[in-house]
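The values are calculated or read from the model by the stated rules, or taken from the named source; none is laboratory data. Not measured: the values here are computed from a predicted model. Methodologically, a virtual Cβ is constructed for each residue, glycine included, from the backbone with ideal geometry; neighbour enumeration extends over all protein chains shown. Calculation scope for accessible area: heavy atoms of the full protein, side chains included, ligands and nucleic acids excluded. Shrake-Rupley method; radii C 1.70, N 1.55, O 1.52, S 1.80 Å.
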Amino acid sequence: DTAVSQTPKYLVTQMGNDKSIKCEQNLGHDTMYWYKQDSKKFLKIMFSYNNKELIINETVPNRFSPKSPDKAHLNLHINSLELGDSAVYFCASSAVLRQVAAGMRETQYFGPGTRLLVL
Amino acid sequence: RKEVEQDPGPFNVPEGATVAFNCTYSNSASQSFFWYRQDCRKEPKLLMSVYSSGNEDGRFTAQLNRASQYISLLIRDSKLSDSATYLCVVTYNAGNMLTFGGGTRLMVKP
């Protein structure tokens with residue numbers, strides 16, 4: 001009954017390879033996210049999807065392509081992996097886009113992370 | 001200049017101590033504020049939201065100063081289990097995009 005799950009947990013691969021990371025949430029949330037946490041531990045948003053539609057794409061190289069087959073899944077495909085892609089990738093989800101006027105604050109729930117090492 | 005700045009620490013404190021962390025943010029249009037906690041090799045988890053009037057949750061007190069653009073977290077009666085990295089988080093838009101500080105590491109010793 002994990003709320004947000006990611007596979008694989010660890011990924012070691014060679015430069016130039018193409019790899020995918022999968023994320024699934026069973027919380028019934030509408031919005032999903034990908035974050036990257038680098039070696040300095042900074043967590044940075046990469047993408048956000050709401051109901052399968054891309055709503056945030058933060059200056060991420062186009063080697064990274066998110067795909068959302070349905071609102072419970074958001075996968076991340078990375079082409080031509082580079083050394084600098086080594087990091088921990090976290091998937092997250094939240095219930096709705098935060099409605100400023102309503103003053104709602106929707107918690108984001110994070111998956112356990114995928115530790116990617118590019119050699 | 002980073003959008004959200006925190007002292008990385010580590011803060012080494014004995015059990016039972018009171019410890020406070022500050023965080024500053026650069027965008028005055030920031031809308032929502034949070035403290036997340038991240039244990040070693042684990043995912044971040046929401047500790048508490050930060051409201052304009054300040055709020056408390058057990059041993060944890062959060063304060064927001066919009067004029068000075070800083071947020072604080074006070075932990076009273078520290079426990080060993082409080083040892084973690086505390087992440088200051090800010091959102092700027094209705095897209096719920098979280099912007100994280102680099103985190104402050106806390107180590108509580110017996």
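Top to bottom by accessible area (1.4 Å), largest first, where do A:Glu53, A:Glu24 land?
Numbers: A:Glu53 125, A:Glu24 85 Å².
So the residues, ranked largest to smallest area, are A:Glu53, A:Glu24.
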Work out the length of the dipole vector of chain B about its Cα centre, built from +1 on the beta-carbon of each Lys and Arg and -1 on the beta-carbon of each Asp and Glu, and round it to the nearest 20 debye. 160 debye
Mind checking which of A:Gly28, A:Ala87, A:Leu74 is farthest towards the positive end of the protein assembly as shown's charge dipole, using Cβ charges of +1 (Lys, Arg) and -1 (Asp, Glu) about the Cα centre? A:Ala87
Using a 1.4 Å probe and ignoring any ligands, DNA or RNA, find the accessible area of B:Tyr51 and quote it in Å² to the nearest 10. 100 Å²
Positive end of the charge dipole of the protein assembly as shown (Lys, Arg +1 and Asp, Glu -1 on Cβ, about the Cα centre): tell me which of B:Gly103, A:Ser65, A:Val12 has its Cα farthest that way. A:Val12
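Just counting partner chain Cβ atoms within 10 Å, what average do the residues of peptide A:38-46 show around their Cβ? Before the final figure, lay out the partial values.
Numbers: counts 0, 0, 3, 8, 7, 12, 3, 6, 0.
Counting other chains' Cβ atoms within 10 Å and averaging over A:38-46 gives 4.
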If I take every Cα pair under 8 Å that is 6 or more residues apart in the range B:2-51, average their sequence separation and divide by the length, what percent do I get for the relative contact order? 30 percent
Relative contact order (%) - criterion: Cα under 8 Å, at least six apart; region: the range A:1-93: 36 percent
Probe 1.4 Å, all chains present, heavy atoms only: B:Phe34 accessible area in Å², nearest 10, is 10 Å²
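With +1 on each Lys and Arg Cβ and -1 on each Asp and Glu Cβ, and nothing else charged, work out how big the dipole of chain A is about its Cα centre, in Debye to the nearest 20.
In debye, rounded to 20, chain A gives about 220.
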Place +1 on the Cβ of every Lys and Arg and -1 on the Cβ of every Asp and Glu in chain B, take the dipole about the Cα centre, and give the residue among B:Asn27, B:Gln6, B:Asn55 whose Cα lies farthest towards its positive end. B:Gln6
Isolated Cys residues of chain B, judged by Cβ distance under 4.7 Å to other cysteines: B:Cys40
Each residue of the range B:32-46 in turn: what ³J(HN,Hα) in whole Hz from Karplus with 6.51, -1.76, 1.60 and θ = phi - 60°, glycine and Pro shown as x? 10, 9, 8, 10, 10, 10, 10, 7, 4, 6, 10, 7, x, 9, 5
Could you tell me the relative contact order of chain B? Use alpha-carbon pairs under 8 Å, at least six residues apart, and round to a whole percent. 38 percent
If you place +1 on the Cβ of every Lys and Arg and -1 on the Cβ of every Asp and Glu, how big does the dipole about the Cα centre of the protein assembly as shown come out, in debye to the nearest 20? 280 debye
Using DSSP to call loops (not H, G, I, E or B), can you name the GluC sites (Glu not before Pro) in the range B:1-104 whose Cβ has at most 16 other Cβ atoms within 10 angstrom? B:Glu3, B:Glu15
